[in-house]
Amino acid sequence: KYEIGGRIRLYRKQSGLTQEQLARNKCNQSRVSNWEQGINRPDADILADICRALNVSPSDLLDVHLSTDELTDHERKVIRAYR
C-alpha cells in the first residue's frame, strides 16, 4: 500500500473537499479513491495540482522534510533564490 493516500485523504478532508471536487478537471473520482486506499499513487505530473487544490506544500503531501543541515551550499542558494 502507498502511504501518500492517507495524507491525501487527511488534507482533502481538512480542505472540505469531496473526492469528486479534488478530481475535478484532472482525473476522476475513482482515481482519487484508489490513491486514498493506497491502491496506487498519483502520477508526478499531477502532484502540483493536488497540492494547489489541497493548499498543502509538496513536502507535507509527500512527507519529505529536510533539515538545513542536510542541504548542500548549492541547494541552500537555490532555495534562497526561489523564496
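The values are calculated or read from the model by the stated rules, or taken from the named source; none is laboratory data. Just so it is clear, the model here is predicted, and its values are computed rather than measured. Quick reminder, even Gly has a Cβ in these numbers, built from the backbone with ideal geometry, and neighbours come from all protein chains shown. Areas reflect the complete protein model, heavy atoms only, side chains present, ligands, DNA and RNA absent. Shrake-Rupley method; radii C 1.70, N 1.55, O 1.52, S 1.80 Å.
Of all residues in segment 33-42, how many are in a loop (DSSP other than H, G, I, E, B) and open to solvent by less than 50 Å² (accessible area, probe 1.4 Å)? Number satisfying all stated conditions: 2. Among the residues here, Gly6 does not qualify as over 9 Å from the mean Cα position of the chain (by Cα), at positive phi and of a type outside the set (Ser, Thr, Tyr).
Among the residues of segment 43-55, just one is part of a loop (DSSP other than H, G, I, E, B) and either of a type in the set (A, V, I, L, M) or on the phi < 0 side of the Ramachandran plot (or both), namely Asp43. The single condition among (1) modelled with pLDDT of 95 or more; (2) of a type in the set (Ser, Thr, Tyr); (3) outside any helix (DSSP H, G or I) that Ser30 does not satisfy is (3). Each residue in segment 5-27 was checked for being closer than 13 Å to Leu61 by Cβ and either touching a residue at least 60 places away in the same chain (Cβ under 8 Å) or not in a helix (DSSP H, G or I) (or both), and 1 pass. Restricting to segment 33-83, and then to whatever is of a type in the set (Lys, Arg) and over 28 Å from Gln14 (Cα atoms), can you tell me which residue is modelled with the highest pLDDT? Filtering segment 33-83 for residues that are of a type in the set (Lys, Arg) and over 28 Å from Gln14 (Cα atoms), the one modelled with the highest pLDDT comes out as Lys77. Would you check if there is a residue in segment 14-24 being at pLDDT 90 or above, under 18 Å from Glu3 (Cα atoms) and open to solvent by 60 Å² or more (accessible area, probe 1.4 Å)? Yes - at least one qualifying residue is present in segment 14-24. If the condition is being surrounded by fewer than 10 Cβ atoms within 10 Å (Cβ to Cβ) and either touching a residue at least 12 places away in the same chain (Cβ under 8 Å) or not in a helix (DSSP H, G or I) (or both), then segment 56-83 contributes Val64, His65, Ser67, Thr72, Arg83.
Considering every residue within segment 43-52, establish whether at least one is more than 14 Å from the chain's Cα centre (by Cα) and open to solvent by less than 50 Å² (accessible area, probe 1.4 Å).
no
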